[in-house]
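Here is the structure we will look at.
The values are calculated or read from the model by the stated rules, or taken from the named source; none is laboratory data. Quick caveat: nothing in here was measured; it's all calculated off a predicted structure. Positions of Cβ are generated from backbone atoms using ideal geometry, with glycine treated the same way; all protein chains shown enter the neighbour counts. SASA here: full protein model, heavy atoms, side chains in, ligands and nucleic acids out. Shrake-Rupley method; radii C 1.70, N 1.55, O 1.52, S 1.80 Å.
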Amino acid sequence: MNDFEREKYSRQILLFGEEGQEKLKNAKVLVAGAGGLGSPVSTYLAIAGIGKIILADFDSVDPSNLNRQFLHHQKDIGRLKVESAKEKLLSMNPDIEVETIAEMLTESNLEALVPECDVIVDALDNLETRHMLNKLAIKRRIPLIHGAVTGYDGQVTTIVPGETPCFYCIFPRISKKEIFPVLGATPGIIGSIQANEVIKFLTGQGKLLEGRLLFWNGLSGSFSEISLSKLNNCPVCGTLKTISEKK
Ligand SMILES: [Zn+2]
């Protein structure tokens, strides 16, 4: 680590030392979705010095994105979201790498498109792709940080394959994408918590939201949480051994 990096990250090096900062620098994180959640997640990961961020989103910027997807500016309307996001992230922190995947993720291309990574962040807006990402995370034994928002409300949980319930255990229903209302501050709050989970996981600090679903109710200004259980015979994670059993 050079002197500039020591100074740039000094306030967080106070939290987890240069050793922790090196762990962030060596990390590869996939952020699936470069929209409302993807904006705060990838911003906080970029400025924290995560070495490589892989951004996946096939969509282009449209005017209805601008109330919350702050990586995209009015001048970016019509551009690919991953390109617009990459430009802003590298402007904030030119010392990281940002890789982009501008294709729609499907069952057949997901495995080939998504490179090896240490953590996956679900910053998506539909259940169908979330279930596909869950399958990939379980198969590759990669932690998956789920976040979702609607209106003033949001939720977060951290899925650790083999240890916690998977996304299917929690939300076995599959429905099509729909248009929902959302205030920009809501994904701001939830995406920030997701970035916090990623950094805790990578530095090994604190207690993750494992097996716990945290809810944010923006209208009452309150958080609450519930404990999650594995689904009996879950078709996705049912036969998976815990990481310790695997060894
Ligand atoms: Zn499961």
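So which of Lys8/Lys139; Lys86/Lys139; Lys23/Lys139; Lys86/Lys135; Lys8/Lys86 end up more than 32 Å apart by C-alpha? Beyond 32 Å: Lys8/Lys139. For the range 14-29, backbone phi angles converted through the Karplus equation (6.51, -1.76, 1.60; θ = phi - 60°) give residue-by-residue couplings of 4, 8, 10, x, 5, 4, x, 5, 4, 4, 5, 4, 8, 8, 10, 10 Hz, Gly and Pro being listed as x. In the context of the full set of protein chains, the chain has a per residue accessible area of 48 Å² (1.4 Å probe).
Were the residues from Asn67 through Ile47 laid out at 0.36 nm apart, the gain over their Cα-Cα distance would be 5.0 nm. Would you work out which of Thr186, Val156, Val236 lies farthest towards the positive end of the dipole of the chain, given +1 charges on the beta-carbon of Lys and Arg and -1 on that of Asp and Glu, about the Cα centre? Final value for the positive-end residue is Val236. Here the 3J(HN,Hα) profile of the range 160-174, calculated from phi with Karplus coefficients 6.51, -1.76 and 1.60 at θ = phi - 60°, is 10, x, x, 9, 10, x, 8, 4, 5, 4, 7, 10, x, 6, 10 Hz, Gly and Pro shown as x. For the chain, build the charge dipole from Cβ charges (+1 Lys, Arg; -1 Asp, Glu) around the Cα centre, then report which of Thr203, Val98, Ser222 sits farthest towards its positive end. Positive-most Cα among the choices belongs to Ser222.
Under the rule that an exposed site lies in a DSSP loop and has at most 16 other Cβ atoms within 10 Å, name the longest stretch of the chain with no GluC sites (Glu not before Pro) of that kind, not counting the sites themselves.
1-102
3J(HN,Hα) along the range 38-47: x, 4, x, 4, 6, 4, 5, 6, 5, 6 Hz, from the Karplus curve 6.51 cos²θ - 1.76 cosθ + 1.60 with θ = phi - 60°, whole Hz, x for Gly and Pro. Close amide H pairs (under 5 Å, H built 1.01 Å from N) link Gly211 with Thr158, Val160, residues at least 5 positions away or on another chain.
Reported value for the range 1-131: 109 Å³ per residue, from the convex hull of its C-alpha atoms. Centre-to-centre, using Cα atoms only, the range 79-94 and the range 9-24 are separated by 24 Å. Computed from the mean reciprocal separation of all distinct C-alpha pairs, what Kirkwood hydrodynamic radius does the chain have, in Å? By the Kirkwood definition, the hydrodynamic radius is 18.3 Å.
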